[in-house]
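J.: I have a structure I would like to understand better, so I am pasting it below and will then ask my questions one at a time.
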Amino acid sequence: MHNNNNDLTLSAPLSGPVLPLHSVPDPVFASGAMGDGVAIDPLNDTLHAPCAGQVIQIARTGHAVTLRAANGAEWLLHLGLDTVELQGEGFALLVEQGQQVSAGQPLLRVDLDHVAQHCRSLISLMILTNGEHFELRHLNLSSVKVGEPLLHVSRRTDAPRPERSRADSSEQASALIRVAHRGGLHARPAALVRQTAAAFNSHSQLTFNDKSAPCTSLIALMGLGIGEQDEVRVSCQGDDCQAALQALLKTLGSALADDAHAPAPAALQVPRPASEDGVLQGVCAAPGLVCGPLVRLSAMELPEDSGQHQPESQRLALSTALEQVRGDILRTLEQARQRRDQQEQDIFNAHLGLLEDPTLLDAADAAIVQGRAATHAWSAAIAEQCQILQQLGNPLLAERANDLRDLQQRVLRALLGEAWQYQLPPGALVATQELTPSDLLQLSAQGVAGLCMAAGGATSHVAILARGKGLPCLVALGPVLLEIEGGQTVVLDADGGRLELAPDPQRIAQVQEAVAARRQRREQQRQQARDPALTRDGQPIEVAANVASSAEARDAHQGGADGVGLLRTEFLFVDRQTAPDEAEQRQAYQAVLDAMGDKPVIIRTIDVGGDKQLDYLPLPVEANPVLGLRGIRLAQARPELMDQQLRALLQVSPVQRCRVMLPMVTEVAELLHIRQRLNQLATELGLTQQPELGVMIEVPAAALMAEHLAKHADFLSIGTNDLSQYTLAMDRDHAGLAARVDALHPALLRLIAQTCSGAERHGRWVGVCGALASDPLATPVLIGLGVRELSVSPPQVGEIKDRVRQLDAAECRRLSQPLLDLPGAVAVREACARHWPLNP
Ligand code: PEP
Ligand code: MG
C-alpha cells in the first residue's frame, strides 16, 4: 500500500458488497451533498478504521465516526441509513473522540439484527467530507472484505489552478467588471466572491494588473489589491462556466449593504487638532464619552523555535487547533445568526474563509515540512500575508491584516492550550496595539466601557463591531499609548477623538455627569415605556415585544411591553436530540404567559423546515428550502407534531391571554384546518375555551388574500422579514442584497395597506411583527396604513412608544397613501424622513 504525505490508500472498513453513492437509497448521500465516497452493505458487525488517523468527531447517537487521516482527508463513516433515530441503541463505540487510531483498528460494533429491524437500511457510508482538497479514485466496486484496498485519495497540491478544474469540461467564459464594493475587494466582499464561486463546479479566477487569484483563496483575492471601481477580469472554466460567470459578475458589481450605507472612511475621522498636554489624539471608530480605569492588554509572544520538529505531530497539532477555532467561530456565527446581526456574520464568515485558505495552509505546511513548530509555522504564514496586505497601498486592505492577526492569536492559543479570558474590572477602558474582532466580542461580553488602540482604522471590522455594540472606540492613537501604565482613570472622548490621560477631578466629574444624564434620559424613557402609547390625536397603538424564551419575556414585561407580539417557538425545538413532549411544551409556553403578568402573548406555531432542520425530524432534502416544506406546511407533513403543539397551547392558563399564530399561511384552507384541529383537540381534552387564532401575513399570497383570511382569523400579523423576501425575490440573509431587502419598498406598503383594509372589513386588527416594526422611521407609515400593534425587539419598546406619542394618526393616514406611488424604497425613506424627522 502506497502512502505518503499526500497520497493514501484506504482499506474497506466493513465487509460486503460495494455500492456507488448514487445508488444509495437516501437523497442526501446519493446526491453527493455530504461529499464523494462509497457505500457498503455490511455483512460483518464491526466498523474498522480505513486508515490511521485521529477520531475528530463521534455522532451523539454513536452511529457515525469521523476520522482525519494524516494527509488531512476527513472521512465520515456512517453506519446504516436514518440510524440517528435509534438514539444510540445497537451501537457500541470502541474509541473516543480525539483518539489516534491505527489502520484496521475496530471503531464501532453494531448489533446488526437490532439495527436491521429498526432502521431503513444497513447500507453504510464512507464519505470524504472535505473533498475540495482531494481527488478520489475507486479501487474496488464489487465486494470487499475488511482491510482490502477500497479507495485511493490524493491531496490536490495545485487545486487553485484552473487546469485542475473540478469540472473536467474545457468550456470557458470570461468578462470584465468594475468592482463596486466600497474600498475594493477586502475580506467581506472577497468572502462573498469565494462563497459565490463555491456554488458552481467551474473553477473561477480574477485577474487584475497581470496577476491572477483563484476564487477559492480569500488571501490571494485580497492580495490582488483590487480597489473600488477597478476593472477586473473574471474567468470561469467548467461545465457551468456561464452561470458561474454571471453570478460572480453580480457579486462583484453590487456593493455590500453596510459598505453602501457606511460613511466614507474619511467622514468617520476627526481632524487631529494641535497636540495638547496629557491628551492623545486618535480617530473616532465608534462614538461616545466615558471615563474609567485604563487597562493594558498585550498580544501573545512566542519563544525561539528549535526548527527540529517531527512534521507529522506538528501537522496534526495544527489541524486540531484549526478545527477547534473553526468550531468556536461557527458558534459565534450561530449566535450572530440568532440575533440577526448580519455585520457580525459577515465578519466571522470571512474569518472562516481565511481559516481554510489554501495559501495560508500551504505556507504553514511547507514550514512544518522543514521542521518548524506548528505555532511558528502558522505565525509565520500569517505574518507573511499581513505584510503583503500592508504593502498593497490600500488602507482598507491593510486593515484586513488585523483579521489575519485575529486568527493568528486564536490558533496560537488553541495550540498552546491557553485559556482565553482577560481579567478586567468592569467599566475598564482597554488600551492595546490593535484589538481583533474576537477580542472585541469577548471584551464586550465582560462589560468593558471603551476601547483605545494604538493602531487600527475606523473602517476595520473591530470598528464595525464596536459601533454595533455601542462601545466608544478610538483608533490610531499611536505607539505612545502602549507606554502608558495602566490603572489610572482616563477620559475617552471618542466623539472628539481624544484620550485624556490625566483628567482633573473636575473633568472626571463633568464626564460622569454627562454619562449619568444620558443614563437618566434612557431611564426616563424606560419609565414611560410602561404607559400606554397613544398618538397625539388619541389613537392607541399596542407596542409588544418579539421574544424567544420566558427569560426574554420577563425582560420585555419589565421593559414596558404591552404583550408578546411574537413568541418564536423554535427555541424549544432546536439544539436537542429529541422533540420536546407535550408536557414540556406546555410548561414552556405557560412560563412565557406567567412572565407577562396580565398581558397577551402571541405564540407562533413551529416554523422549522426548509433550511432549519432538526436532527430528530428528518425531512427530505430540498432544492429551494425557503420555498419548501416550512412553517404551517409542516402540519401536512407531520400532523402529529402540530397536534402535539396545539394540545400544549390549549392547556395553558388563562387561555384567553394566549393567542396562537400560524406562520407561512398561503390560503384559507390551512387556517380552517388548524381551526378544525383546535376544535377537535379541545373536545378530546374536555376544554370549553380556546385561544384566539391568528395568521401571519408573510407571503404575498396571504397579503393579497387578507380579506378572506380575516373572515376566519381573529387577527393578522405581518411578518415583514419574509414578506420582503418573497415579494422582492431577494434572500433575506443575502449579504450583498441586504440594503435592498427593505420592507419600506412601495410594493410592501401596498401589501400592508391591502392587509389592513381586508382585515378592517371583518373588524380584525393587524399587527406587524417583522423587523420593520422596530424601525422608528417606519412607525408613522405603519400607523397611517392602519396597523394597530407593533411587536418590536425588547430594548426598543420605550423608543417606539416615544415615537408613537409624537405622531398624529390622521396626518399619518394622509401622508402615507402617496408613498405607495413612489418609485422605490429609497424614495419612501427620504419622504418619511422629511414628513416625520427622527429625534436627533
Ligand atoms: C417575519 O418573517 O417577518 C417574521 C417575523 O418571522 P421570522 O423572522 O421568524 O421568519
Ligand atoms: Mg417569517
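The values are calculated or read from the model by the stated rules, or taken from the named source; none is laboratory data. Because the structure is a prediction, the values reported are computed rather than measured. Heads up, the Cβs are rebuilt from the backbone with ideal geometry, glycines too, and the neighbour counts pull from every protein chain shown. Quick note on the areas: whole protein, heavy atoms, side chains included, nothing else; ligands and nucleic acids left out. Shrake-Rupley method; radii C 1.70, N 1.55, O 1.52, S 1.80 Å.
J.: Quick one: would you say Gln527 is at pLDDT 90 or above, outside any loop (DSSP other than H, G, I, E, B) and open to solvent by 60 Å² or more (accessible area, probe 1.4 Å)?
T.: No; evaluated as a whole, the condition is false for this residue.
J.: Checking the condition open to solvent by 70 Å² or more (accessible area, probe 1.4 Å) and at pLDDT 85 or above, which residue from Gln281, Gln308, Gln269, Gln314 passes?
T.: Exactly one of Gln281, Gln308, Gln269, Gln314 is open to solvent by 70 Å² or more (accessible area, probe 1.4 Å) and at pLDDT 85 or above, namely Gln308.
J.: Could we say that Ala30 is surrounded by fewer than 21 Cβ atoms within 10 Å (Cβ to Cβ) and over 19 Å from Leu10 (Cα atoms) here?
T.: yes
J.: Condition first: within 16 Å of ligand 2 (Cβ to nearest atom), assigned to a helix (DSSP H, G or I) and in contact with a helix residue (DSSP H, G or I) (Cβ under 8 Å, 6 or more places away or on another chain). Now tell me which residues in the range 324-341 satisfy that.
T.: Passing the criteria: only Arg337.
J.: Now a separate question. Say we look at the range 111-148 and pick out the residues that are touching a His at 6+ places or on another chain (Cβ under 7 Å) and open to solvent by 60 Å² or more (accessible area, probe 1.4 Å); which of these is modelled with the highest pLDDT?
T.: Among them, the one singled out is Arg137.
J.: So if I check each of Asp562, Asp594, which one is over 21 Å from Ile718 (Cβ atoms), in the same structural domain as Ser717 (by TED's automatic domain parsing), charged (D, E, K, R) and away from ligand 2 (no atom under 16 Å from the Cβ)?
T.: Unique residue meeting the criteria: Asp594.
J.: Quick check: anything in the range 802-821 under 33 Å from the mean Cα position of the chain (by Cα) and either polar (S, T, N, Q) or part of a loop (DSSP other than H, G, I, E, B) (or both)?
T.: No, that holds for no residue.
J.: Here are some conditions: (1) surrounded by fewer than 21 Cβ atoms within 10 Å (Cβ to Cβ); (2) closer than 23 Å to Ala773 by Cβ. Gln510 meets all but one. Which one does it not meet?
T.: Of (1) surrounded by fewer than 21 Cβ atoms within 10 Å (Cβ to Cβ); (2) closer than 23 Å to Ala773 by Cβ, only one is false for Gln510: (2).
J.: Next question. Would you mind telling me which numbered condition in (1) within 16 Å of ligand 2 (Cβ to nearest atom); (2) at positive phi Gly538 fails?
T.: If we test Gly538 against (1) within 16 Å of ligand 2 (Cβ to nearest atom); (2) at positive phi, just (1) comes out false.
J.: Taking the criterion of being within 16 Å of ligand 2 (Cβ to nearest atom), assigned by TED's automatic domain parsing to the domain that holds Asp594, surrounded by 16 or more Cβ atoms within 10 Å (Cβ to Cβ) and in contact (Cβ under 8 Å) with a residue 60 or more places away in the chain, would at least one residue in the range 665-680 satisfy it?
T.: no
J.: Report whether or not Val652 is closer than 24 Å to Ala544 by Cα and more than 16 Å from ligand 1 (Cβ to nearest atom).
T.: When the stated conditions are applied, Val652 passes them.
J.: Assess whether Thr683 counts as being away from ligand 2 (no atom under 16 Å from the Cβ) and polar (S, T, N, Q).
T.: yes
J.: Are any residues in the range 753-782 more than 14 Å from ligand 1 (Cβ to nearest atom) and in a helix (DSSP H, G or I), and if so, which ones?
T.: Those that are more than 14 Å from ligand 1 (Cβ to nearest atom) and in a helix (DSSP H, G or I): Ala753, Gln754, Cys756, Ser757, Gly758, Ala759, Glu760, Thr779, Pro780, Val781.
J.: Considering only the range 831-840, how many residues are without any contact (Cβ under 8 Å) to a residue 24 or more places away in the chain and surrounded by 13 or more Cβ atoms within 10 Å (Cβ to Cβ)?
T.: 1
J.: Here is a further query. Under 9 Å between Cβ atoms, which residue pairs at least 6 apart in sequence (or on different chains) link something in the range 96-110 that is over 16 Å from Leu125 (Cα atoms) and open to solvent by less than 30 Å² (accessible area, probe 1.4 Å) with a partner that is assigned to a strand (DSSP E or B) and of a type outside the set (D, E, K, R)?
T.: That search, which allows pairs on different chains as well, returns Val101/Gly53; Val101/Gln54; Val101/Val55; Val101/Leu67; Val101/Leu107.
J.: Sticking with this one: Listed residues Gly456, Gly393, Gly447; which is among the small types (Gly, Ala, Ser), crowded, with 20+ Cβ neighbours inside 10 Å, assigned to a loop (DSSP other than H, G, I, E, B) and at positive phi?
T.: Gly456
J.: Search the range 13-25 for residues being within 14 Å of Leu79 (Cβ to Cβ) and open to solvent by less than 20 Å² (accessible area, probe 1.4 Å), and hand back the single one that is modelled with the lowest pLDDT.
T.: Looking at residues that are within 14 Å of Leu79 (Cβ to Cβ) and open to solvent by less than 20 Å² (accessible area, probe 1.4 Å), I get Val24.
J.: Another one. Specify which of the listed residues (Val290, Val232) is at pLDDT 90 or above, outside the structural domain of Ile368 (by TED's automatic domain parsing) and under 30 Å from Val741 (Cα atoms).
T.: None of the other options fit; the residue is Val232.
J.: Here is a further query. Identify all residues within the range 809-830 that are open to solvent by 60 Å² or more (accessible area, probe 1.4 Å) and not basic (Lys, Arg); write none if there are none.
T.: Glu811, Gln817, Pro818, Asp821, Pro823, Val826, Glu830 - these are the residues of the range 809-830 that are open to solvent by 60 Å² or more (accessible area, probe 1.4 Å) and not basic (Lys, Arg).
J.: Being modelled with pLDDT of 85 or more and touching a Pro at 6+ places or on another chain (Cβ under 8 Å): is that true of Gln237 here?
T.: yes
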